[in-house]
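Report on the following structure.
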Amino acid sequence: MKTKQLHSRNLFTTGKIPQYFCQSISLALIVTLCGCTGLEDQSSTGGWKSLFNGKDLDGWTPKITGHELGDNYANTFRVEDGILKVSYDKYEKFNGKFGHLFYKDKFSHYILRLEYRFVGEQTPGGPGWAFRNSGAMLHCQSPRSMSKDQKFPVCIEAQLLGGDGSNKRSTSNLCTPGTHVVMDDKLIKQHCINSSSKTYHGDQWVTAIFEVHGSESIKHIIDGQIVLEYKLPQLDENNADAKKLIKDGDNLLSQGYISLQAESHPVEFKTIEILVLKK
């Protein structure tokens, strides 16, 4: 929404744990990620799982603004050569057709790891802020609960951005469609918050990691470093879409769906993996 390449397998399988992991992830989780023995069953529920089979969109469902759930308008989301692509070659103009590709299962406590890159040119008619802009949407409302013309799901958006070749532009930011978070013990109502990451220009692959602990805390990690962290993700009681989702006065977001965003600039994903954590 508005506003160094990391080889992900090396991060968790070589045994060379960055300083971030030594400082902020529990001993049980470190043991699991290092591939050691003894505490694995206390931290994860079965190891890393790929959410993308590299062949098709099995397990994923598109929801594009103005279209019914499951209507993959203009083949926006597709798989080619083992890559999940968001493409606009069949569009004449963008016309506000914001899209989200939802995974079939809900998650609560997990680490999400994905590799992405921006390619090509932005679709004619796409808003200026959507240049090299996408997102991994966390704790999403169900796609079935979205209205036909709803542009964005109520969620916590881990915003993915690419540079323009010269100016600074962080990635792994936070945007909050229909939500709020707490940072430094203050409720944050600002829609987007920049991370401390460096800028990634060009078509390079970038690995982003998101460590999610239900309604407790979320961390954004780039190059093995925390670039943004916050806690108590919650529904915005003053947002019409979010208000419908509040049950029995509880507005904390403890679980939800994961979706990938289409905002008018072509983007590709080649790794989408999850490590489900025990609470």
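Please treat every number below as a calculation from the coordinates, not as lab data. Bear in mind that the values here come from a model prediction, so they are computed numbers and not experimental data. Using ideal geometry, Cβ is built from the backbone for each residue, glycine included, and neighbour counts are taken over all protein chains shown.
Scanning region 86-119 for residues that are assigned to a strand (DSSP E or B), hydrophobic (A, V, I, L, M, F, W, C) and under 17 Å from H265 (Cβ atoms) gives V86, L101, L114, F118. Would you call I226 part of a strand (DSSP E or B) and in contact with a Pro (Cβ under 9 Å, 6 or more places away or on another chain)? Against the criterion (part of a strand (DSSP E or B) and in contact with a Pro (Cβ under 9 Å, 6 or more places away or on another chain)), I226 does not qualify.
So that you can scan it fast, the table gives a plain yes or no per residue for (1) crowded, with 16+ Cβ neighbours inside 10 Å; (2) in contact with a Leu (Cβ under 7 Å, 6 or more places away or on another chain):
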site: T176; (1), (2): yes, no
site: Q190; (1), (2): no, no
site: T199; (1), (2): no, no
site: A208; (1), (2): yes, yes
site: L228; (1), (2): yes, yes
site: Q234; (1), (2): yes, yes
site: A240; (1), (2): no, no
site: L252; (1), (2): no, yes
site: F269; (1), (2): yes, yes
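The residue list D56, D105, D89 contains one member that is within 29 Å of S215 (Cβ to Cβ) and surrounded by fewer than 13 Cβ atoms within 10 Å (Cβ to Cβ), which is D105.
Of the residues making up region 130-163, those that are surrounded by fewer than 19 Cβ atoms within 10 Å (Cβ to Cβ) and closer than 29 Å to S215 by Cα number 7. When region 247-271 is limited to residues that are among the aliphatic types (A, V, I, L, M) and closer than 18 Å to S108 by Cβ, the one that is farthest from the chain's Cα centre (by Cα) turns out to be L252.
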